[in-house]
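Trainee: Here you go, one structure.
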Amino acid sequence: MGSTTSPRLRYLLAAAALGLVAVGQGVVSPTSADAALLDTPARTWGVGPADPTSATVETPRVLAILPVGDRIVVAGTFDSVIDPAGKQYPARNIAVFSATTGAADLTFTGSANNSVTSLATDGAGTVYLGGTFGTVDGEVRKGLAALDLDAHGQLLGWAPSVVAPGQVDSLTWAGGAVFAGGNFAGITSTVGGVAATSRPFLAKVDGASGAVAGSWVPAPNDRVRTVSPAVDGTGRLFVGGDFTSVSGRTSTNKVAAVSQAGTGTLDPGFRSVANNKNNFAPVYDLVSDGTRLYSAVGGSGGACTAFNATTGALAWSDRSNGNLQSVRLSGGLLYCGGHFSGTGSFAGQSRQKLAAVVPTTGALTAFAPNINSSQGVWAMASDATRVYVGGDFSAISGTTQPHFAMFIDSASQTVPQPPAEVAAQGGDAVVHLSWSPPPSDEGSAVTKYRVYRATTPGGENLTKTPLATLAKTTLTYDDLAVANGTTYYYVVVATNALGASAPSAEAAVTPQPAVVLTVPGAPAGLSATAAPGLVHLSWSPPASTGGSAITQYRVYRGPSSGGEDLTTPVATTTGTSVDDLTSTSGQTYAYVVTAVNAVGEGTASNEASAVSQAGAPGTPGLTGVVDGSGAAVLTWTVPSDGGSPITKYVVLRDSVRLVTLSATPTGPTSYTDSTLAPGTTGVYQVKAVNAVASGPLSAKVTLTAP
């Protein structure tokens, strides 16, 4: 006798077998025994442009996500990572976040000069990149590269190249090899002197050496958008994309299974079927669980479709009104992400870019986050308790989350991470506190901040009433109940619906009375000592700087005691001594010195006097050229006269006096040597002479007659 169980009842029984109960027409929801994701993501770090205010900024986009232990590698097209406070840090097209804290690893230095579209890992610290880039970490890498995740993103020597033009759309690692699919004419390598080139659209590359496996030759006839290893122990590789055949077989339209080993033999037992109603539409992503192969399908609106992983037979298909870009399994559910939106947009229900279904039946669950961009999801990844989503969006379900989001299952939600960047600044009987939001609220929004204080390090008692309880939007607090001269220690705690976070890092500060800045005091102990050609002045710093560092000393001079011209200094210095070289022999001079800080100029020092003594002149500054006639034309600057007028200049060539010139108030300061023979070189110097002595020779000038 045939079964009389209605289709609706059979549907509910299948859902119940998976730990699900009905919550509405055609929609099921996980029971308490099966943790489910909430519609709101955790508030964590994201990615963005370098300058969000620029009118020419390209919309950032996350195109690939790869969990590696606690680290989440995120790649795409972006120039920065952004913390929950909105602060940006440079990151070029690849970044690493912590699954535990949600924070970016700012020690990671890997970067690419163009889009990174795909990621894979060997599970031992190596991350493989695929995309449209031409350089990685500043070195040439054409579409493929490998980084050492344990060495902060250091570039490795693995260097196969995509034949230009072309790009890698998908990567996966299996059995020591990296499999690449994309829109390329081939991938080339030269390892140990051996050159090899893959077939178009699909390649196998040794994960250690980078050598292309030239004998691995499955041949799709068009773009491969996704590669995914089977997890059933058969050693197969599932491939999906735009192709209509692989190795000439049309039974592989848009999806196929090939051997990972040997020549990449096609699995004839796996035969493709229409994946979007009656259509064979492009496949953008694949993931399997051993029994089923799940696909993100584009074209004709789009669909999330399941096949038998052994035969390729259609299991179910949930159609949408926009391309599906990614599918991932987590917590007993299948998550389908893409560009669909609006009423009836997915499996006849309203979903905004992201949905969750029962893998065995395709039954839609109640999971319904609202993603705020026109295209929404471009990439997903998952681990045991989280689903990671990347795309064009800036917010999900009202939570600001730029281009990358982390959904945490309800059983794994917990208290927030501690607040970040806690800082304390002391003032006059006040301490100013500031902090940043936690790097992750762990999926439950922050509700309050609590401030705790102690007078000993680590003495904050979190079991007692906090110093202050503040709103979730408040990130500063002024503590007015403090005494100057006492050191205070502070921590801040964030709370959400699940409780209080661990305390933040401790901040310590000692408030002090306000400092009133004034001009400096008078320099002390000014002395003036005459020497031939100069008066040497020295002093000590003032007893008070006025609370601001001294930036300059100014020296004033006058012809008699009290006659100093305090409008124009004769010299300035940052030290505490100076030589006055502009004195006249036999003249008595009086000096005072003042100090200057950011506020202004202080009072004058004690007065000191000296009678100037004549000395030798200073050093002329000599230059020279050869004119059109071949003569050496010399020019010099007038040096200080040493307190006695300069009477003559002596010009030397090759250390022998060439000429002596009488000095006058108007010159000379030049001389033309017409005796330099053609093709010869002369080395010239000049010195000044006064009634006391000859001054030092100038620097040498070498000239050659043509």
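Trainee: Rank by packing, highest mean first: peptides 495-504, 77-86, with packing defined as the count of other Cβ atoms within 10 Å averaged across residues.
Mentor: Listed from highest to lowest mean packing, they are 77-86, 495-504.
Trainee: Of Lys254/Lys353; Lys353/Lys472; Lys87/Lys472, which sit over 20 Å apart, Cα to Cα?
Mentor: Exceeds cut-off: Lys254/Lys353; Lys353/Lys472.
Trainee: Quick check: pseudo-label points 7 Å beyond the Cα along Cα→Cβ at Thr603 and Asp579, how many nm apart are they?
Mentor: Calculated label separation equals 3.3 nm.
Trainee: If we sort 239-247, 661-669 on the protection proxy, mean other Cβ atoms within 10 Å, highest first, what's the order?
Mentor: Per-residue mean Cβ counts within 10 Å order the peptides as 239-247, 661-669.
Trainee: Note the angle between two axes, namely the Cα long axis of helix 7-17 and the longest principal axis of the Cα atoms of the chain, as a number of degrees from 0 to 90, rounded to the nearest 10.
Mentor: That helix lies at roughly 60 degrees to the long axis.
Trainee: Which of rounded, prolate or oblate describes segment 622-704 when judged by the alpha-carbon gyration tensor and an a/c cut-off of 1.5?
Mentor: The shape class here is prolate.
Trainee: If you stretched the chain out fully between Asp428 and Val638, how much longer would it get, using 0.36 nm times the residue separation minus the C-alpha to C-alpha distance?
Mentor: 69.9 nm
Trainee: Separate question: In percent, how large is the relative contact order of the chain, given Cα pairs closer than 8 Å and 6 or more residues apart?
Mentor: About 8 percent, as a whole number.
Trainee: Taking H placed 1.01 Å from N in the peptide plane, check which residues at least 5 places from Leu467 or on another chain put their amide H under 5 Å from its amide H.
Mentor: It is Val451, Tyr452, Arg453, by chain and number.
Trainee: Additional query: With each run of n ≥ 4 DSSP H residues scored as -39500 (n - 2.57), what mean residue ellipticity at 222 nm is computed for the chain after dividing by its residue count and rounding to the nearest 500 deg cm²/dmol?
Mentor: Estimated from H runs of four or more residues: -500 deg cm²/dmol.
Trainee: What percent do you get for the relative contact order of segment 596-706 when only Cα pairs under 8 Å and 6+ apart count?
Mentor: Rounded, it is 32 percent for segment 596-706.
Trainee: Sticking with this one: Between Lys464 and Leu329, with labels modelled 7 Å along Cα→Cβ, what's the label distance in nm to one decimal, could you check?
Mentor: Roughly 5.4 nm, to one decimal.
Trainee: Mind giving me the FRET efficiency for Ala50 and Ala395? R0 is 25 Å, r the Cβ-Cβ distance, nearest 0.05 is fine.
Mentor: About 0.75, to the nearest 0.05.
Trainee: So how long is each side of segment 376-422 along the principal axes, counting just the alpha-carbon atoms, biggest first, in Å?
Mentor: Sorted from largest, the Cα extents of segment 376-422 read 33, 27, 18 Å.
Trainee: Same structure, new question: Given R₀ = 25 Å, what would the calculated FRET efficiency be for Ala411 paired with Thr291, taking r from the Cβ atoms and rounding to 0.05?
Mentor: 0.50
Trainee: For segment 412-513, what is the Kirkwood estimate of the hydrodynamic radius, computed as the reciprocal of the mean inverse distance between distinct Cα atoms, to one decimal in Å?
Mentor: Roughly 13.6 Å, rounded to one decimal.
Trainee: Using every pair of alpha-carbon atoms in segment 118-224, split the distances into 10 Å bins beginning at 0 and state the percent of pairs per bin, rounded to integers.
Mentor: So the P(r) values, bin by bin, are 17, 54, 27, 3.
Trainee: Assuming a ≥ b ≥ c are the square roots of the Cα gyration tensor eigenvalues, decide whether segment 514-656 counts as rounded (a/c under 1.5), prolate (otherwise, with a/b larger than b/c) or oblate.
Mentor: prolate
Trainee: Then there is this: Percent of Cα-Cα pairs more than 52 Å apart in the chain, please.
Mentor: Of the Cα pairs, 44 percent sit more than 52 Å apart.
Trainee: So, one more: With a ≥ b ≥ c the root eigenvalues of the C-alpha gyration tensor of segment 240-298, is it rounded (a/c under 1.5), prolate (a/b larger than b/c) or oblate?
Mentor: Since a/c reaches 1.5 but b/c is at least a/b, the shape of segment 240-298 is classed as oblate.
Trainee: FRET efficiency for Thr588 and Ser527, Cβ-Cβ distance as r, R0 = 22 Å, nearest 0.05?
Mentor: Working from the Cβ atoms, E equals 0.90.
Trainee: Mind checking which lysines have their Cα closer than 29 Å to the Cα of Lys687? Skip sequence neighbours fewer than 8 apart in that chain.
Mentor: Once the sequence-local lysines are set aside, what remains near Lys687 is Lys648, Lys700.
Trainee: A follow-up question, please. Compute the distribution of all C-alpha to C-alpha distances in segment 439-579, in bins of 10 Å from 0, and list the percent of pairs in each, rounded to whole numbers.
Mentor: Spelled out bin by bin, segment 439-579 gives 9, 25, 16, 10, 12, 14, 10, 4, 0 percent.
Trainee: Turning to a different aspect of this structure: Computed over the Cα atoms of segment 395-460, what is the convex hull's projected area averaged over all directions, in nm²?
Mentor: Taking a quarter of the hull surface, the average projection is 6.6 nm².
Trainee: Also, quick follow-up: So which chymotrypsin sites (Phe, Trp or Tyr not before Pro) in segment 316-377 are both in a DSSP loop and have at most 14 other Cβ atoms within 10 Å of their Cβ?
Mentor: none
Trainee: From the backbone phi of segment 392-406, what are the Karplus-calculated ³J(HN,Hα) couplings (6.51 cos²θ - 1.76 cosθ + 1.60, θ = phi - 60°) in whole Hz, Gly and Pro given as x?
Mentor: Each residue of segment 392-406 in turn: 9, 5, 10, 8, 9, 6, x, 9, 4, 7, x, 6, 8, 9, 10 Hz.
Trainee: For Lys142, which lysines qualify as cross-link partners when the Cα separation must be under 19 Å and same-chain residues fewer than eight apart are set aside?
Mentor: Within reach: Lys204.
Readers should treat all values here as calculations from the given coordinates under stated rules, not as data from a laboratory. Bear in mind the structure is a predicted one, so any value in this text is a computation, not a measurement. When we count neighbours, we look across all protein chains shown, and the Cβ atoms used for this are built from the backbone with ideal geometry, even at glycine.
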